[in-house]
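Q: Take this structure, written in structure tokens, and hold onto it; I'll ask about it next.
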Amino acid sequence: MVTTMLEVKSLSKDFGGLQVIHDLSLSVTPGERRVILGPNGAGKTTLFHLLAGTLKPSNGEIFLDGQPISTYDAVKRARLGIARSYQKNNLFETLTIRENLMLAAAAALGKSTHMFKDTSKHADIRQRIDEIAEQVFLEDQLDQTVATASYGNRRQLEVGLALATRPKLLLMDEPTSGVGPNMIDRFHRLLEQLPRDITVLIIEHDMDLAFGVADLITVLNFGEKVFEGTPTDTRGNATVRDIYLGTGGDHA
Amino acid sequence: MKNIATKLALVTGLCLNLGFTMISTASAETKVGLLLPYTGTYASLGNAITEGFELAIEEAGRTEEFTIVIEDTEMKPPVGLAKARKLVYQDEVDVIAGVVSSGVLGAMRDFIHQSQVPLIVANAGNNLATGENCSPYIVRVSFSNGQINRPMGTWLSENGVKTIYTLAPDYAAGHQMIDAFTEAFTAAGGEVIGSEFTPFGQTKDFGPYLTNAQASGADGIFVFYAGGEAINFVKQYGSFNIKTPLYGSGFLTSPLYVEAEGDAAIGVRASLHYIPTLDTAENKAFIKAFQAKYNTMPSEYAVQGYDAALALMAAVDNGGVDRATLASQLPHVSYVGPRGPLEIDPATNNIVQNIYIYDTVMENGALTQKIIDTVPAVRDDVAGCQM
Amino acid sequence: MDLSFWILQFLNAMQYSMLLFLLSIGLTVIFGLLHFVNLAHASLYMMGAYIGISVAAMTGSFWAAFFLAPMFVTLIGAVLYFTLIDRMRTAGPMNQVLVTFGLIFVFLDLVRMGWGDIALGLDGPASLSGTTRLLGVDYPAYRLFIIALGLGVMATMWLVLARTQIGAMIRASVENTNMAAALGINVSKLFFLVFCFGCALAGLAGVAAAPILSATTTMGITILIPTLIVVVIGGLGSLEGAIVGSVIIGFMETFGAVMIPSFSAVLTYALLAVVLIWRPQGLIPARG
Amino acid sequence: MFYQTKLRSITLIAALIFLACYASFGSYFAREIVVEIIILAILAISLDLCAGFGGMVSLCHGAMMGVAAYGFAIMSAKLGWPLFPSALIGLFAAVVFSGLVGWVTSRTNGIFFIMATLAFGQMAYTFFFKSRWLGGDDGFGGISRFDLSMIGLETNDSLVFTYIGLVILLLAYGLTAIVMRSGFGRTLSGIHVNEDRMKALGVNTAAHRAKAMAFSGFIAGLAGIIAAQHTLYISPELLIWTTSGEALIVVILGGLGTLVGPIIGAILLVLMKHEISNYTDYWHAFIGLVLIFTVLAGGRGVFGQIEYWFNKLTQKHQSTTKPHGDDHA
């Protein structure tokens, strides 16, 4: 029986001698909400790149659901169930929100290579679009073009795109970056309502949100894991306070 | 284009014709379609042939008798065929003249044969058109690729050239020209010790090939190049100061390009079916008339256009009034033109003509052609032609 | 095939490389700095040849043509810059390609109207008409002149870029246009100067090539493809890339013609395909 | 993304009716012109599929068309196969060729993609140009048209042939439209807009682009089969890169990414060319100026512009793939 959804073993990444991730090991259980904390430059986003396969590790192994995936490219990992939302919006800008979700749903449902059936008429694709729209609170904005949508809506869509693939493992890179308090609330609700069959890794700077949703928190600094524990333990930990809250106290 | 006004007039004339005088087909007028490239690489050839053609009709004072419809083939086979169909079905011409590129001729061949509209080929030299693919409706008054080059092969061998290196562009005409030369040269005892085909339309620098040819140690280099490639080739040959003599198909030092080639052309020996310096009454009269009208020296292309018109008029004089009678009369045309005595060989419908071997020389500060030998009445073999 | 044969072929390759270099360097500098794919560059080359022929015919001097033709071409370039190029700068490569593709047609017919359809030639200068003995072989002096011209332009550009203030500005702007503007460089003026310089080089290449190659209405279109291939193989916008690309293509076409003539027609295309598959950004991609 | 809007349907039908009328009531040459338009329009639709939806501006579409035409001509005229299987083999050859080109160029974008496709197209052109068995640059004839006498159609009649061409144009359009509305087509648009995100969603974008090229090759192949049967003759001219350039002009003139635009563009370009060449030999310059003007006027093309105004007027917000001039070089 597999007890970990994600297993990372002594992962390292260097860019021309500069160590960005160093000997990092992680173990995330199915359904867990894991928050990754760390100051800027701690290697959080690089870790996501390594997990999603957009960067190749210099060293170490990654297992998803017990399966070694280190050698797989991003496409294959996505198909195995890793989805990712980006820190900076990475959307289909010229398309509508519905079309964005349609693309993700079609990809997830294996319909992106169907050559003859009109996707907008696929019952299961339409159902998926509606579900996700509801999950990320975009039911009323579906026919808006992304380029003209509000920033908050675009952040919601960013998560929606990742969710639409019904991933096993969801990597969320600062979903709330740049949004106001109302919006943070929304994301909080969104995360709480996510079904537990999705394992979630979140990079988050909003402490209330982070501590509110996390089962466990991993703190990175200079590419190394410096602490791992429950929100309560993290709050009380002196090292964390020093390196993270001390320098990054002015979180967004 | 100098004759743009003429063309415009013709086009407008045509429109009026179509609009108001559709019944005129029964009159004695002969409607001729001139199918030539006026855009693209061969535009200058198209213009020269048109000039020659129009001159001949004017000279004979028979402009009233012939209605000319001009169409541009753009040097594209599909366009050529489409325009040929237009001339036949829409303009209902009695005869078509022109066709510069062999590709266009190839595209038209079956159509001409089936529609039984006579075609007077005024340039395209593809051997097959009067050989394997000959047709009673296709008569050629220009030349065949083999016809120009065979005499040179024999002549060179007879004049002490033992070994030759050949160069030509890598396309169908290039291969036909060189094959014909090689066959005749070898038959006469010579040996082709090296041969290269240069990428057509891409080769700008002939230096590497010239260096190769020189290094082969052959007694001479025989080449076929035309147009811009001919200028480049001759100039580069000159600049390398190559000692191996240069021989070629006469298009190499055609009067149309020889000025651009400059001194490098001096001493190049070539064979062609027309040389402007031919010392005959017919040629002198032709040149005088041509210069009077266009203020420039005629080229072999202009002569081909001129002869296409002369052949047509001769066929009309012999009783050609419509497509069928023109087609039957054209193969029996014979007369003396600017290039000498001409006749059509009814076995192939290709022209029988003299081939001139000439030097390019400097005379009174201008480049000109000096004929050194004449191979009379060169006739193509009946190579698989069945009418 | 003795040594002198290979020396001759080496010089042939050099000569062709330098001609390609003169053309591609202008194209690539314009791309590197303005991010503009100017297909009409080849038309300017053609204009250089035709204008050169006319100037030589009027003045009777090759050297007058050699110096005046690039100037006229620069003038044409300047007009183009203010009418089209400048306003197309931010329009994306696709639109730039289309507009300059349209310009090719326009220039083609302008030349046909002005100079006719018949191929024209230009006599080189009398002083360079013979052959010169070099490395034990007799080689056309004019071709040596082209090699020297190419190397000279290369060296001058190298010096200007490495040693002078304007060179530093160009390098800075190629690397980062916004940064350059922030540093107080008048970027639009610099762009214009560089564009004019590129046009002048195209005109120079045209008039310099005319005595070796004839001037035809299709010369622009036929040289466009090899030039683009040089620039793309080398890396768009990269000066070193243009040098490397021209030398590779020049040598490959020359020695391909000598050694495997039946493949020489596809050799460059094959190389281009291989490079683009292996290194989609070219051999020496520009930084910027 | 593609939607078969009412405006597009109406324009398509109007264009087809116009062509049918022009061929029926015009002079003989009108039919030649209409067939020329049909061939160019199908080729342009095929290119629009790649360039307009997939962002892949290809210069080897002429070669794709030519490979099909040669495949058909070789099988039928040279090897004596029956016509329909020969045509299928021609189409298959075009699909394989385009798929291969698509596959090896799938990592390149922008101007690099343009150059890579140019290289492969020119290699194919050179192959046929140099092939002496196939007549080299002179090409070869002896091609016949489909024998449809069992359904009472005489294909050698130019008007019948023109009508058949129009039906094939409609089929090519319909098939492309259906595919562009499918998951495949929409995903292709998605790749054009944001390839990285498409990869993150688990789509093998390289393979997808290659498949799109292969499908495009099928459509271009249809144009090739018509071209070969129209002239009953074939030459390498079909494959040369300027054929692709002309198709690109047609797409831009009509409206990139609209599928209907290419048909409008083909009608405009061919008619313009024939009209102007009646008056001057310098029609290239005119075409060039039209192209420049089209781009300067916003690059939407004639149909694209009409659609843009129409959408503004009706205020109905319909997402249409507008021309994207922002491919990364």
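Values in this text are rule-based calculations from the coordinates and carry no lab data. Quick caveat, the model's predicted, so the values are computed rather than measured. Quick reminder, even Gly has a Cβ in these numbers, built from the backbone with ideal geometry, and neighbours come from all protein chains shown.
Q: Using alpha carbons only, how many degrees (0 to 90, rounded to 10) separate the axis of helix A:97-108 from the longest principal axis of chain A?
A: The answer is roughly 80 degrees.
Q: Which value, in debye to the nearest 20, gives the size of the charge dipole of chain B about its Cα centre, when Lys and Arg are +1 and Asp and Glu are -1 at the Cβ? Walk me through the numbers before you get to the answer.
A: Values: 23 positive and 40 negative charges, 79 e Å.
Computed about the Cα centre, the dipole is about 380 debye.
Q: Let me ask another. Under 19 Å between alpha carbons, and skipping anything fewer than 8 positions from A:LYS76 in its own chain: which aspartates and glutamates qualify?
A: Hits, sequence-local ones excluded: A:GLU7, A:GLU61, A:ASP65, D:GLU195, D:ASP196.
Q: Calculate the radius of gyration of the Cα atoms of the protein assembly as shown to one decimal place, then report Dmax, the largest Cα-Cα distance, as a whole number, both in Å.
A: Answer for the protein assembly as shown, Rg first and Dmax second: 34.4, 118 Å.
Q: Name the long-range amide H neighbours of A:LEU171: under 5 Å, sequence gap of 5 or more, or other chain; modelled H, no Pro or chain starts.
A: Counting only residues 5 or more places away or on other chains, the set is A:ALA83, A:ARG84, A:SER85, A:LEU201.
Q: Could you pull out every residue, at least 5 positions away or on a different chain, whose amide H is within less than 5 Å of the one on B:GLY340? Hs are placed 1.01 Å off N in the peptide plane, and Pro or chain starts have none.
A: Here nothing satisfies the definition.
Q: If you don't mind, there's one more thing I want to ask. Tell me, what is the FRET efficiency for A:ARG196 and A:ASP242 to the nearest 0.05, using R0 = 30 angstrom and their Cβ-Cβ distance as r?
A: 0.35
Q: Please report the relative contact order for chain A, taking Cα pairs under 8 Å with a sequence separation of at least 6, and give it as a percent rounded to a whole number.
A: Working: 465 pairs, mean separation 67.5, N = 252.
That works out to 27 percent.
Q: Let me ask another. How far apart, in nanometres, would the label points at B:LYS293 and A:ARG235 be if each is projected 7 angstrom from Cα along the Cα-to-Cβ direction?
A: Each label point is offset 7 Å from its Cα along the Cβ direction, giving 10.5 nm.
Q: Compute a Gaussian network model of chain B, connecting alpha carbons closer than 10 Å, and tell me which residue from B:ALA172, B:ALA302, B:ALA226 fluctuates the most.
A: Evaluated over chain B, the most mobile residue of the options is B:ALA172.
Q: A further question on this structure: Computed over the Cα atoms of chain C, what is the convex hull's projected area averaged over all directions, in nm²?
A: Values: hull surface 63.2 nm².
Over all viewing directions, chain C projects a mean Cα-hull area of 15.8 nm².
Q: State the Kirkwood hydrodynamic radius of chain B in Å, one decimal place, computed from all pairs of distinct Cα atoms.
A: Numbers: mean 1/r = 0.0474 Å⁻¹.
One over the average 1/r among Cα pairs gives 21.1 Å for chain B.
Q: Now for a separate question. How many nm is it between the label spots at C:LEU75 and B:LYS162, if each spot is 7 Å from the Cα in line with the beta carbon?
A: 6.0
Q: 5 Å is the cut-off here: which amide hydrogens, built 1.01 Å from N in the peptide plane, fall below it relative to A:THR96, excluding neighbours closer than 5 in sequence?
A: Sorted by chain and number, the residues that satisfy this are A:VAL146.
Q: What longest range of chain A stays clear of loop-exposed trypsin sites (Lys or Arg not before Pro) (DSSP non-H/G/I/E/B, at most 13 other C-beta within 10 angstrom)? Walk me through the intermediate numbers first.
A: Working: sites that count: A:LYS88, A:ARG196.
Answer - A:89-195.
Q: Over the whole of A:98-105, what's the average partner chain Cβ count within 10 Å per residue? Rounded to a whole number, please. Mind dumping the intermediate values first?
A: Details: counts 1, 6, 4, 0, 5, 13, 7, 2.
Averaged over the peptide's residues, the number is 5.
Q: Report the extension gain between B:ALA281 and B:ALA187 in nm, rounded to one decimal, defined as 0.36 nm multiplied by the number of residues separating them, less their alpha carbon distance.
A: Extra length available between B:ALA281 and B:ALA187 comes to 30.3 nm.
Q: On to the next question. Take the alpha carbon atoms of the stretch A:1-71, find their center, do the same for the stretch B:127-181, and report the distance between the two centers in whole angstrom.
A: Here the two parts' Cα centres lie 74 Å apart.
Q: Another question, if that's okay. Please compute the net charge surrounding C:LEU20, taking Lys and Arg as +1 and Asp and Glu as -1 over other residues with Cβ under 12 Å from its Cβ.
A: Details: positive: B:LYS204; negative: B:ASP205, C:GLU253.
Counting the neighbours of C:LEU20, the net charge comes to -1.
Q: Cα-based Rg (one decimal) and Dmax (whole number) for chain A, in Å?
A: 18.1, 60
Q: Can you tell me the order of C:257-269, C:123-135 when each peptide is scored by its average per-residue count of other Cβ atoms within 10 angstrom, highest first?
A: Highest to lowest by the protection proxy: C:257-269, C:123-135.
Q: Of the trypsin sites (Lys or Arg not before Pro) in the stretch B:149-243, which ones lie in a loop per DSSP and count no more than 15 other C-beta atoms within 10 Å? Don't jump to the answer; show the numbers that get you there.
A: Values: sites: B:LYS162, B:LYS204, B:LYS235, B:LYS243; in loops: B:LYS162, B:LYS204, B:LYS243.
Sparse-neighbourhood loop trypsin sites (Lys or Arg not before Pro): B:LYS162, B:LYS243.
Q: What is the distance in Å between the Cα centres of the stretch B:293-344 and the stretch C:219-288?
A: Result: 50 Å between the Cα centres.
Q: Right, another one. Within chain D, what's the longest stretch lacking trypsin sites (Lys or Arg not before Pro) that sit in DSSP loops with no more than 11 other Cβ atoms inside 10 Å?
A: Values: sites that count: D:ARG132, D:LYS316.
The longest such stretch corresponds to D:133-315.
Q: List the pairs from B:LYS86/D:LYS78; A:LYS117/D:LYS312; A:LYS88/D:LYS199; B:LYS235/D:LYS130 whose alpha-carbon separation is above 18 Å, in the order I gave them. Intermediate results must be reported in sequence, preceding the final value.
A: Working: B:LYS86/D:LYS78 28 Å; A:LYS117/D:LYS312 30 Å; A:LYS88/D:LYS199 16 Å; B:LYS235/D:LYS130 27 Å.
Where the Cα-Cα span goes over 18 Å, the pairs concerned are B:LYS86/D:LYS78; A:LYS117/D:LYS312; B:LYS235/D:LYS130.
Q: What is the projected area of the convex hull of the Cα atoms of the stretch B:146-272, averaged over all directions, in nm²? Walk me through the numbers on the way to the answer.
A: Numbers: hull surface 26.0 nm².
Average of the hull's projected areas for the stretch B:146-272 equals 6.5 nm².
Q: What distance in nm lies between label points placed 7 Å from Cα along the C-beta direction at D:TYR3 and B:VAL336?
A: 8.2
Q: For B:71-82, what's the mean count of beta carbons from other chains sitting within 10 Å of each residue's beta carbon?
A: On the way: counts 2, 4, 0, 5, 1, 6, 11, 14, 5, 2, 6, 8.
Per-residue shielding by partner chains comes out at 5.
Q: How crowded by other chains is B:37-44, given as the mean number of beta carbons from other chains within 10 Å of each beta carbon? Could you put the intermediate results ahead of the total?
A: Working: counts 2, 5, 11, 5, 6, 1, 6, 7.
Partner-chain Cβ atoms within 10 Å, mean over residues of B:37-44: 5.
Q: Listed here are the pairs B:LYS31/B:LYS288; A:LYS9/A:LYS56; A:LYS13/A:LYS56; which of them are more than 18 Å apart at the Cα? Mind dumping the intermediate values first?
A: Details: B:LYS31/B:LYS288 28 Å; A:LYS9/A:LYS56 14 Å; A:LYS13/A:LYS56 8 Å.
Violating the 18 Å Cα-Cα cut-off are B:LYS31/B:LYS288.
Q: Separate question: I need the calculated FRET efficiency for the pair D:GLN305 and C:THR90, taking r as the beta carbon distance and R₀ as 30 Å, to the nearest 0.05. Please list the in-between numbers first.
A: On the way: r = 20 Å, r/R0 = 0.68.
The formula returns an efficiency of 0.90 here.
Q: Using DSSP H assignments, which helices in chain D have an axial alpha-carbon span of 24 Å or above and a mean Kyte-Doolittle hydropathy of 1.0 or higher? Let's see the in-between values first.
A: On the way: long enough: D:6-25 (28 Å, 1.60); D:28-48 (30 Å, 1.80); D:83-104 (32 Å, 2.05); D:110-130 (30 Å, 1.33); D:158-181 (34 Å, 1.96); D:205-231 (38 Å, 0.71); D:260-277 (26 Å, 1.54).
The qualifying helices are D:6-25, D:28-48, D:83-104, D:110-130, D:158-181, D:260-277.
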